[in-house]
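Data first, discussion second: the structure below is written as structure tokens.
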Amino acid sequence: MSSAQDPFYIVKEEVQESIDKLQSTFHHWERVPSDDGERAHLTKELLANCESIEWQVDELDKTVAVAAKDPALYGITEVELDKRRRWTSSARAEVGAVKRAVIVGKENNSSTASANGMRRELLRLPDSNHPSRSDQYVSRDNDDFIASESDRQMLLIKRQDEELDELSASVERIGGIGLTIHDELLAQDRIIDDLGNEMESTSNRLDFVQKKVAMVMKKAGAKGQCMMILFLLLLFIILFVLVFLT
């Protein structure tokens, strides 16, 4: 199987694109000031993307483990298996490094925010009742994420319902075809039984006629047999003339 047709490489390309986007977002995150509201939004996005990519890499690892049990069945060599293991290990390490850096940055931001809050409390700054720009970004991002997840779940449910409807229709069609075949087989069986009965009846009548002819021939003797042969020959000639010459 070529790389273009191998499911592993198809998924690998998608995961690699996700990793590239993750790295691009991470570099942008590093350039954003820690007190900027966009930083919290990017932090949440990076962590969510890391979780998603790690899950995809784990799934690829599972496929490699399955193929390793019987490489000949899947047409994969040990060299190819080792290559795939190295790639998944490298991808997991790359994503893990980004994830750890973001978590450390998030903790540092939390510590800084806590210290700033303590200073504001000591200075009695009147800003505690006003939500920060960062909180607004996080809240809006949460709402968007929940809405998108809800839409995705509804789409999946709708797609599953459509697939179940198609499957049900296919089962009904197959059931109808099966009933038609069953009825046809019953009809053919009845026809075969009738034909067998007719053949048996005809065979019995033919046996009866043969016995009668044998008895007549026996009683008629040699002269009678010759007369009967001549009579049958004359009858055949007459029938031939009537059928083919008239």
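The values are calculated or read from the model by the stated rules, or taken from the named source; none is laboratory data. None of these values were measured; they are calculated from a predicted model. Virtual Cβ from ideal backbone geometry, glycine too; neighbours counted across all protein chains shown. Just the protein is used for accessible areas: all its heavy atoms, side chains included, with ligands, DNA and RNA removed. Shrake-Rupley method; radii C 1.70, N 1.55, O 1.52, S 1.80 Å.
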Would you work out the charge dipole size for region 1-102 about its Cα centre, treating the Cβ of every Lys and Arg as +1 and the Cβ of every Asp and Glu as -1, and quote it to the nearest 20 debye?
240 debye
Once the piece of chain linking residue 161 and residue 228 is laid out straight, how much longer is it, given 0.36 nm per residue of separation minus the C-alpha distance between them?
15.7 nm
Heavy-atom accessible area per residue - region 1-87, 1.4 Å, Å²
62 Å²
Say the cut-off is 18 Å between C-alpha atoms; which of 62/83; 12/106; 44/99 go over it?
12/106
Ignoring ligands, DNA and RNA, how do 9, 74 rank by accessible area with a 1.4 Å probe, largest first?
74, 9
Each label sits 7 Å from Cα toward the beta-carbon; between residue 73 and residue 242 the label points are separated, in nm, by 7.8 nm
Rounded to a whole number, what % of the accessible area of region 1-91 do carbon and sulfur atoms account for, probe 1.4 Å?
53 percent
Tally Lys/Arg at +1 and Asp/Glu at -1 over every other residue whose Cβ is under 14 Å from the Cβ of residue 187; what's the total?
-4
Starting from the Cα of residue 212, draw a straight line to each of the lysines and keep only those under 30 Å, dropping any in the same chain fewer than 8 residues away.
223
